[in-house]
Amino acid sequence: MAPPWLDVLDETIGACVTHRRPDLEARLREKRAQQLDPKLRVLVVGESKQGKSQLVNALLNAPVCAVGDDITTTVPTFVQHADTPSAALVRNTSAQGSIYHAPTERIAVPIEQVTKQATAHSQHLVRAEIGIPRALLDSGLVLIDTPGVGDTRSAHTASTFATLMQADAVLLVSDATGELTSAEMALLKKVMQACPNVTVVVTKIDLVPGWRTVVERNRALLARAGVAAKLIPVSSALRLRAAKTGDQRLNAESGFPELLACVQRDIVASADLLARRAVAVVASSALTQLVTPLREELTAHDSSHTAATISTLQEAQRRVDELRRRSARWQNVLNDEMADLISDVEYDLRDRTRKILREVDKTYDEADPAIGWDRFEQWLEDNLNEAATTNFAWLMERAEWVAAKVAKNFPVYREDLIPGSVLPDDLLEPVSRLEKPKIEPFSVSQKLFTGLRGSYGGVLMFGLVTSLAGMPLINVISLGAGALFGGKSILDESDQRLKRRQAAAKAAAQRHVDDFFIKFSKDVRDSGRHIQRSLRNHFSTLAEELQETLLESARSAKRAVQDDQTERERRMREGRKELDRLLTLYKRVQALAGPTMELSA
Amino acid sequence: MTLDRVVWSMLQEALAVYRDSPRATAWLRAHAERYTEPVRIAVAGRGRIGKSTVVNALIGDEFTPQGSFVWYRGGTEPRAHVFTGPGRPHEVPIGRRGSRNHVETGQIDRADRVVVEWPARTLRDVVLIDTPSEASPEQVLGDADALLYLMRHVQDDDLKFLQAANDHPIARTAAVHTVAVLARADEIGAGRIDALSSAKQIARRYRRDVAVQPLCQNVVSVAGLLAMAARTLRADEFQALRVLASLGREELEDHLLSADRFVGEQFPLAMEPAVRQALLERFGIFGVRLVTALIRQGFDSQVKLTGQLVQRSGLGELRDSIAVHFTERREVLKARSALLALDVVLRMEPRPGARKLVTDLERVVASAHDFRELRLVAALQAGRTKLPAELQAEALRLVGAEGTSPPARLGFEYEPDAGELREALLDALVRWQAQAADVHAPNDHRRAAQVVVRTCEGLLPHFS
């Protein structure tokens, strides 16, 4: 019949599999295989040079492990029962494989050379195995001598901890030349986690006169740290000498009978209890690791997750409201700014055309339109064009500024917020050409006629006066006066004609500028409205998109809250069930250890 | 100008620059004073490793251990002062407790440090600082120029301590002087009679260990208890030991199996248990074994025995090590401590007037030949600079890794005359000049050779 701890252990392994924790599973399987093995592994650990190997030798009364003054043991050495003395080195054949489950090969070596060989190839070796015929080992006891912990060559330490996982009981060795150091206490606690069955062995009591005080201090230290470990003082040197001389009293002095009794009673005899304790410790540590995240998940479900979903929903709704409020604002800004813009632009245009007209007036107060009309026409056209261009450029500038301002009042920022171009393409159609004013030519015959008409009066007036003086009607004087009068009337006439022409030119220019103004201001207005419309379209499209996004996220948040509710409940139910299962298992694990054990899980 | 003078003038200059800052002035004054003192050696290590025992063995007198820093410095008559807090030190009497000297600090519960002036030959060249085991590396090294670090075996904690000691920019460019001591050599090998020679072998192995070598200049093994007992051996103890040795070897061996047996009831000689207990406390079970064996071997007068014990316990080697690595290098060690102190001031209270000092400090650290020698030693020992094996040994010797006296540098085992030294020096100079000019050699190789050439050139005036 399978022992009860096996069921519990198997169930725990099952739980590890369902929770996808292959690491824990591997550890537990290791433990399971080891517990099913009838061998009892007793690990001898401690800092270097405390007398670990010598302790093993003294326990067995045989020099199986090499002892030396410098650091000697470099690989864990397994000492077990065999009918004839034999030794082997176990080598890790995979290049960088883990210590567990790596393919290994055994190399048989002569028993007296095992340490030498082990030191030579220590980096590839997993362990050394030594078999000797000893009654103590008969029951399946395996003594494991380990390299010192805390040595500078840390590979040794690593292999010690690897073997620790396989131990059923641990002998922690500390020599009597000093009390337990803080490093040793830390080691002890670390060992207790993996294997609760620890005995502290104080060695070399033959060397130290005051070993009893050291033992007392160590007991006090253990008690203060709350470690329930037995403490046994021994002297390997005395024991080995006693074995050589057969001196029973010396053997008793060495303290080994007590240690052996402890090994027999506590370790060999209570193998089942040990197994249960060991399984309890490993399984409960695994279960604790499983339960913790599960519990966290459950609490997270309860509070934070839902809170997060709801806050997402609230945030989405808040942003939709915000968008609505803000879109009224940006529309107002657009309308106001565009109205301002159009009136400003129109005023500017009028101002510019007036300036041109004043210039025209000034020019034609003096100049004769008959001379250089073409040039004037060119000048006017240029000026008007320039005014139109400046004005239009200004419009553009202002329009962009407006777009930016509206964008600023838009609820969110986006890359494409400011439209690339807001302008209609067909702007600035050419205005009708300036029509040339009618210019009456003042021809030679007209001049002759006008001159004759003017001279007639003069000739007659002065002829009559001179006829009184007895001169004929046509004489030099009257002819001269007639010529004067004719000349004057010609001058007068041409002056009048000039004035008429100037007035006509002015009127023509005025008409043309007016035409230009009407046409252009209409264009500007149109463009303004066009800009306004395209801006409005642009921004309202954006706003709609945005609103849709926000609404969608709000909707999904709402959905999430609703979905969450059901999904969450389902998962909560499952989680609780799983947690309950694990906790029951945990209780069973703890029950395994028996009432004497206290588990700090 | 020698390094000594350069650093001294920098200290004076700093005092002038910082004359308006009381804190900096006090600090600099203290360091200027320290600069003229003997080398300060801190003795550090984990608890119960035997720091006080080693210090007592070096002084040649036994003092009761104290819980605080205890400074032992030379003086014409025994005097002790206790420093607590910022106030003035109190003078306290030195009494005796049994065979030990005891500094009566009774009424002062927690002393920052106790300074003992003691007339002893060792203390003429050094100041020894016994440190409490819980002191951090900074505390230990703050006042010390050099370090004796005690340990059983090299363990990670010990290496961490030594690494911390080397972790300062100036400390990195001029490695701190450390001698590692495998204390309690008598406990190695479970107190076998040949434990001491095996401890020496272990020390030799650590000297070549790549993890240990860059952190200390030398590793020696010392049996502290035995060394102290040897230095303070009393006539009554010697008599008791002779009586013990008169017992048959086999018979005595049985009773020396364990400490319990030695002081037990069934002892074959008429010797008071109290006497045996006292011997055990002074010598340890290993010490009693060794001393009785030695007396049997013919070291049967107190003088002979003392000499033999000093040699065997490793105290002689430790003293030589202190002489070679600390006392002989006093100048560079002092300069190093002073430069570290200057660096602290210049960093804590930077000011425009001190800019010249900052550049001077950098220049001295980078270019002073003594520091370059130290750096080369460190680089060669840590393997950062590689030279062919035979050249490496010679380079280390020439730049003073084994002692800075000309014969030690030139590798003479005996006392040579000036002509021989000159010959050897010129020979080395020519050889290393060739190395420095070797275009096929790697860059670091040539640079190392240049340092060695400069060292040889520096030695030349001694012989011309």
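When only the Cβ of Lys, Arg, Asp and Glu is charged (+1, +1, -1, -1), the dipole of chain B relative to its Cα centre reaches about 760 debye. Centroid-to-centroid, using Cα positions, segment A:550-568 and segment A:506-537 are 55 Å apart.
The slack in the chain from B:SER136 to B:ASP112, taken as 0.36 nm per residue of separation less the alpha-carbon distance, amounts to 7.2 nm.
Under 5 Å between amide hydrogens, built in the peptide plane, is the criterion, and for B:GLY45 it picks out B:LEU150 among residues at least 5 positions away or on other chains.
The translational diffusion coefficient of segment B:1-134, from Stokes-Einstein at 4 °C and 1.567 mPa s with a Kirkwood hydrodynamic radius over alpha carbon pairs, comes to 78 µm²/s. Inter-chain neighbour count for A:196-209: the average number of beta-carbon atoms from partner chains within 10 Å of each residue's beta-carbon is 3.
Take every pair of alpha-carbon atoms less than 8 Å apart whose residues are at least six positions apart; their mean separation over the length of segment B:385-463 yields a relative contact order of 32 percent. Spacing of the modelled spin labels on A:ILE518 and A:THR584, each 7 Å from Cα toward Cβ, amounts to 10.0 nm. Classify chain B as rounded, prolate or oblate from the Cα gyration tensor: take a ≥ b ≥ c as the square roots of its eigenvalues, call it rounded if a/c is under 1.5, otherwise prolate when a/b beats b/c and oblate if not. Judged from the Cα gyration tensor, chain B comes out oblate (a/c at least 1.5, b/c at or above a/b). Out of the GluC sites (Glu not before Pro) in segment B:247-294, which ones are loop residues according to DSSP with at most 15 other C-beta atoms within 10 Å? In loop regions of segment B:247-294 (DSSP not H, G, I, E or B), the sparsely surrounded GluC sites (Glu not before Pro) are B:GLU265. Couplings 3J(HN,Hα) for segment A:227-243, derived from phi with the Karplus relation 6.51 cos²θ - 1.76 cosθ + 1.60 (θ = phi - 60°), are 9, 8, 10, 6, 10, 10, x, 9, 9, 5, 4, 5, 4, 5, 5, 4, 5 Hz, where x marks Gly and Pro. For A:THR199, the amide hydrogen comes within under 5 Å of the amide hydrogens of A:VAL170, A:LEU171, A:LEU172, counting only partners 5 or more places away or on other chains and with H modelled in the peptide plane.
Considering only B:ALA436, B:PRO416, B:PRO406, the residue lying farthest towards the positive end of the dipole of segment B:385-463 is B:ALA436, judged by Cα position with unit charges set on Cβ.
Compared with the dominant Cα axis of chain A, that is its longest principal axis, helix A:373-408 is turned about 30°. Working from label points 7 Å from Cα in the Cα-to-Cβ sense, the B:ARG79 to B:GLU250 distance is 6.2 nm. With respect to chain B, whose longest principal axis is taken over its alpha-carbon atoms, helix B:195-208 is tilted by about 20°.
When only the Cβ of Lys, Arg, Asp and Glu is charged (+1, +1, -1, -1), the dipole of chain A relative to its Cα centre reaches about 1220 debye. In terms of surrounding Cβ atoms within a 10 Å radius of their Cβ, B:ASP61, B:ASP186, A:ASP348, B:ASP236 rank from fewest to most as B:ASP236, A:ASP348, B:ASP61, B:ASP186. Expressed to the nearest 5 percent, the antiparallel share of DSSP beta bridges inside the protein assembly as shown is 35 percent. Using only the Cα atoms of segment A:37-269, each taken as one equal point scatterer with no solvent, compute I(q) by the Debye sum, divide by I(0), and report log10 of the ratio at q = 0.08 Å⁻¹. Ignoring solvent entirely, the Cα scatterers give -0.27. The residue among B:LEU374, B:THR25, B:PRO132 whose Cα reaches farthest toward the positive pole of the charge dipole of chain B, with charges on the beta-carbon of Lys, Arg, Asp and Glu, is B:THR25.
Between the amide H of A:ARG134 and those of A:ALA82, distances stay under 5 Å, these residues lying 5 or more places away or on another chain, with hydrogens modeled in the peptide plane. Spatial offset of segment A:348-388 relative to segment B:411-464 amounts to 102 Å, using the alpha carbon center of each. Phi angles across segment A:327-336 convert, under the Karplus curve 6.51 cos²θ - 1.76 cosθ + 1.60 with θ = phi - 60°, into 3J(HN,Hα) values of 5, 4, 5, 5, 5, 4, 4, 4, 4, 4 Hz, Gly and Pro given as x.
Counts of other chain beta carbons within 10 angstrom of each beta carbon in peptide B:253-261 average 6. What the phi angles of segment A:45-54 give under the Karplus curve with 6.51, -1.76 and 1.60, with θ = phi - 60°, is a coupling list of 10, x, 5, 5, 6, 9, x, 6, 5, 5 Hz, glycine and proline written as x. Projected onto its three principal axes, the C-alpha set of the protein assembly as shown covers 202, 96, 66 Å, listed from the longest axis down.
Kindly identify segment A:224-276 as rounded, prolate or oblate by the Cα gyration tensor criterion: order the square roots of the eigenvalues as a ≥ b ≥ c, call it rounded if a/c is under 1.5, otherwise compare a/b with b/c, prolate if a/b is larger, else oblate. Note, shape of segment A:224-276 comes out oblate. Placing +1 on the Cβ of every Lys and Arg and -1 on the Cβ of every Asp and Glu, with no other charges, gives the protein assembly as shown a dipole of roughly 820 debye about its Cα centre.
Take each residue of peptide A:174-187, count the partner chain Cβ atoms within 10 Å of its Cβ, and average: the result is 2.
Taking Cα atoms only, the orientation of helix B:418-436 departs from the longest principal axis of chain B by about 60 degrees. If a/c stays under 1.5 just call it rounded; otherwise compare a/b with b/c (prolate if a/b is bigger, oblate if not). Do that for segment A:349-396, with a ≥ b ≥ c from the square roots of the Cα gyration tensor eigenvalues. Verdict is oblate for segment A:349-396. With the charge dipole of the protein assembly as shown set up from +1 on Lys and Arg Cβ and -1 on Asp and Glu Cβ about the Cα centre, the Cα lying farthest toward the positive end among the listed residues A:LEU240, B:PRO93, A:MET396 is that of B:PRO93.
Bear in mind that the values in this text are calculations on the coordinates, not laboratory data. Quick caveat, the model's predicted, so the values are computed rather than measured. As a convention, Cβ positions derive from the backbone with ideal geometry for all residues, glycine included, and neighbour counts pool all protein chains shown.
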